[in-house]
1. Tell me the residue from Asp319, Asp302 that is in contact with an Asp or Glu (Cβ under 8 Å, 6 or more places away or on another chain) and within 23 Å of Pro216 (Cα to Cα), please.
2. Give the stretch 22-60 a look and list any residue that's among the small types (Gly, Ala, Ser), more than 17 Å from Trp156 (Cβ to Cβ) and at pLDDT 95 or above, or say none.
3. How many of the residues making up the stretch 114-127 are hydrophobic (A, V, I, L, M, F, W, C) and within 12 Å of the ligand (Cβ to nearest atom)?
4. Against the definition (over 17 Å from Tyr243 (Cβ atoms), under 14 Å from the mean Cα position of the chain (by Cα) and in contact (Cβ under 8 Å) with a residue 60 or more places away in the chain), how does Val306 come out, yes or no?
5. Of the numbered conditions (1) surrounded by fewer than 21 Cβ atoms within 10 Å (Cβ to Cβ); (2) assigned to a strand (DSSP E or B), Tyr325 satisfies every one except a single condition; which is it?
6. Taking the stated definitions as given, is Thr37 surrounded by 13 or more Cβ atoms within 10 Å (Cβ to Cβ) and in a loop (DSSP other than H, G, I, E, B)?
7. What are the residues in the stretch 283-307 that are surrounded by 18 or more Cβ atoms within 10 Å (Cβ to Cβ) and in contact with a helix residue (DSSP H, G or I) (Cβ under 8 Å, 6 or more places away or on another chain), if any?
8. Looking only at the stretch 287-301, how many residues end up being more than 23 Å from Thr37 (Cα to Cα) and within 19 Å of the chain's Cα centre (by Cα)?
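The values are calculated or read from the model by the stated rules, or taken from the named source; none is laboratory data. On a predicted model such as this, the values are computed, not experimentally measured, just so you know. Neighbour counts are summed over all protein chains in view; Cβ atoms, including those assigned to glycine, are modelled from backbone coordinates with ideal geometry.
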Amino acid sequence: MSNAVTITPELASFSKEIKDLNLTPLWERTVSQQPGTPCKGKIWSWSDLEPKLLESTRLIGTKDAERRVLMLENPVLPGTSFSTQTLFTGLQIILPGEVASAHRHTPNALRFVVKGKGAYTSVEGERTMMSPGDFIVTPNWAWHDHGNIGNEPVVWMDGLDSAFTKFFGATFREDYPVDVQPLYRSEGDAIATFGSALLPVEYKFEGHASPLLVYPYARTREALHHLQKTQAAHPSHGVKLRYANPANGKYPFPTMAAFMQLLPKGYCGRPYRTTESQVFNVAEGHGSVKVGDETFHFGPHDIFVVPPWNTVSFDVGEDCVVFSYTDRAAQDALGFLREEML
Ligand code: 1HN
């Protein structure tokens, strides 16, 4: 409300009277009617993250922790587990021989593989080996467990839409009766079925999330470098690809979008802002990003968050490849999404 109301003694006593009835006059409200949230832009550097992840492996096992995850909480949201008001961000580490037991829950989850080889995730009866740079989909209510059958620690970023299920009061979870779910699809089934711009003729998309369980980094990287040769870079985003659900061309989740962008050496991007909450994970290269009034210098595996309506611009001295996920799918579906180039 833009016009300030003069609170007469009658209005003041009226407001006081109705308080006991759990009523508040709209003309006295103080809730912001502007875009943005109290969340802060923030970077977590890999040089801080990696030692703490390794230290956690000496203190707790996956049996006790269930998932050995460090949650990246926004400085204004301590205790909530959220990196912005709409997104969860965690870093998970799993050691050789460990298993993260099978369960399912209503939040959708995505994984972005950060470091190490030899870990797998199994989703609804199909096992997928994880390699750095891979983007992996765990649809809501799908059984999933992870394991490391290699010989080095493996780290990935977990992105969840658990803030949505919390908001709606629709969070459910269940443990699978045994730690490791039985496999009933062959490894590579999803990518062989859905990964070539072909769909089985009788296929009807009835789920909510992408049936393509993994988007391997090798393919994504090749697509980015091809596009760099054939198209002009976007003024704010460089060369940017959106991960698509092959069944409908839309987002991989009903809530979350995911992207990979290439910022070519010497790229100086124009500032933009969006109502999306954005979480970035640096796959390759060093550069800087200005979020609001703050400049963050980033390198490989650093994670930074950009809250809604914060101005963002990139400036890089070498080729950078950056993964991100946002709440764009939800905002797009609901008609709330707005963005602006500045
Ligand atoms: C979860 O199930 C995983 O399956 C990771 O790896 C992080 C954070 C909150 C709730 C469930 C996983 C999670 C999670």
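1. Criteria check complete, one pass: Asp319.
2. Hits for the stretch 22-60 are Gly36, Gly41, Ser45, Ser47.
3. Qualifying residue count for the region: 2.
4. yes
5. Failing condition for Tyr325: (1).
6. yes
7. Ala283, His301, Asp302, Ile303
8. Qualifying residue count for the region: 4.
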